[in-house]
Amino acid sequence: MSPYIGRFAPSPTGPLHIGSLLSAVASWCDARAAHGKWLLRIEDVDTTRIQAGAVDHILQSLEHYGLWWDDEVVYQSQRTELYQDALNDLQQQQHIFWCTCSRADLARTGSAIYTGTCRKQLSPRPLAAARMRVYQQAISFKDHVFGTQTEQLDQTTGDFVIFRRDGLFAYQLAVVVDDYLQGVTHVVRGADLLDNTARQIYLQRRLGFPTPQYMHIPLVVNANGEKLSKQTGANALPFNSSTRLLWQTLVHLGQCPPNELQSETVTTVLSWAVQHWQPAAIPQQIKLATL
Ligand code: GLU
Ligand code: ZN
């Protein structure tokens, strides 16, 4: 059996909130229950969206909630050479082309799917985005919460961006390269990324990387069924009442923790969770009754 390597990969665009705690706890328990590693990667590849102080808040929150990680924290902002290698590889294999469409050009096509305008521009040029050429072909994978997913990229996104016009590597490329180089075998993350997975699998195949297992954790909605926003409860995780919040997180993940655990320490709650971890009990929708 290959060893389990999981990861948590928050973007430092703001502090962790209840939704991020759900993904972090699910990912952590899944890794610990498998006696695996749990790596922490700060996804700051998009330097334009970094919020000052967010990294510190993320690290402090994880420590406070008892979610310790293995190995050194990895920062995407320090790994551009690795992404460049992958881009060069895709360039050499002619899997990409260079798109010089402006935002206005793209809007004029009237389609959310890239219409292929620049497909003949095979060599790199300044102020251009690199797009992955996609074909008519279905990509399927089994998600451990949402079941089998099938997506045909030519009908959903079209040729997608892996290197941006502003000179930054796109999330899709960075995440695929990092998951591979860090040896990640299991990706447990928020369901907002479910529809990014097919693009990532497509890239893995083009780069000759193995595909990890995927488990997406449902997004938290409030009692009215709305996605949490700052207004509806997506506030920064508090540093008090952490045991209770952890306990509630386990309830939301379908884990049925005993009531008495609420008066224990975070360490006790988490070790109960690892011992009783039932990923199959995670529901496809999580409604917060009380915020
Ligand atoms: N950095 C992404 C986010 O915070 C998560 C990426 C991933 O887990 O693949 O939404
Ligand atoms: Zn174009």
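A short reminder: the numbers here are calculations on the coordinates, not readings from a lab. What you are looking at is a predicted structure, and each value in this text was computed from that prediction instead of being measured. Ideal geometry is used to build each Cβ from the backbone, glycine not excepted, and the neighbour counts take in all protein chains shown.
Things worth noting here:
- LEU106 vs. criteria away from ligand 1 (no atom under 16 Å from the Cβ), hydrophobic (A, V, I, L, M, F, W, C) and either surrounded by fewer than 14 Cβ atoms within 10 Å (Cβ to Cβ) or under 22 Å from the mean Cα position of the chain (by Cα) (or both): no
- Residue in the range 48-70 that is under 24 Å from LEU207 (Cα atoms), out of contact with any strand residue (DSSP E or B) (no Cβ under 9 Å at 6 or more places or on another chain) and either part of a strand (DSSP E or B) or of a type outside the set (Val, Ile, Thr) (or both) present: no
- Considered as a group, the residues in the range 17-51 that are crowded, with 22+ Cβ neighbours inside 10 Å and without any contact (Cβ under 8 Å) to a residue 60 or more places away in the chain include one that is farthest from the chain's Cα centre (by Cα), and that residue is TRP38.
- When the range 3-28 is filtered for residues that are more than 11 Å from ligand 1 (Cβ to nearest atom) and closer than 17 Å to PRO212 by Cα, the ones remaining, listed by number, are PRO3, TYR4, ILE5, ALA26, TRP28.
Residue by residue, here is whether (1) part of a loop (DSSP other than H, G, I, E, B); (2) β-branched (Val, Ile, Thr); (3) more than 12 Å from ligand 2 (Cβ to nearest atom) holds:
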residue: ASP85; (1), (2), (3): no, no, yes
residue: GLN91; (1), (2), (3): no, no, yes
residue: GLN94; (1), (2), (3): yes, no, yes
residue: PHE97; (1), (2), (3): no, no, no
residue: ILE113; (1), (2), (3): yes, yes, yes
residue: THR117; (1), (2), (3): yes, yes, no
residue: GLN121; (1), (2), (3): yes, no, no
residue: PRO126; (1), (2), (3): yes, no, yes
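- Note on the range 155-182: among residues that are part of a loop (DSSP other than H, G, I, E, B) and of a type in the set (Asp, Glu), the one that is nearest to GLN91 (Cα to Cα) is ASP159.
- Criterion violated by GLN204 - all others in (1) closer than 27 Å to ILE42 by Cβ; (2) of a type in the set (S, T, N, Q); (3) within 16 Å of ligand 2 (Cβ to nearest atom) satisfied: (3)
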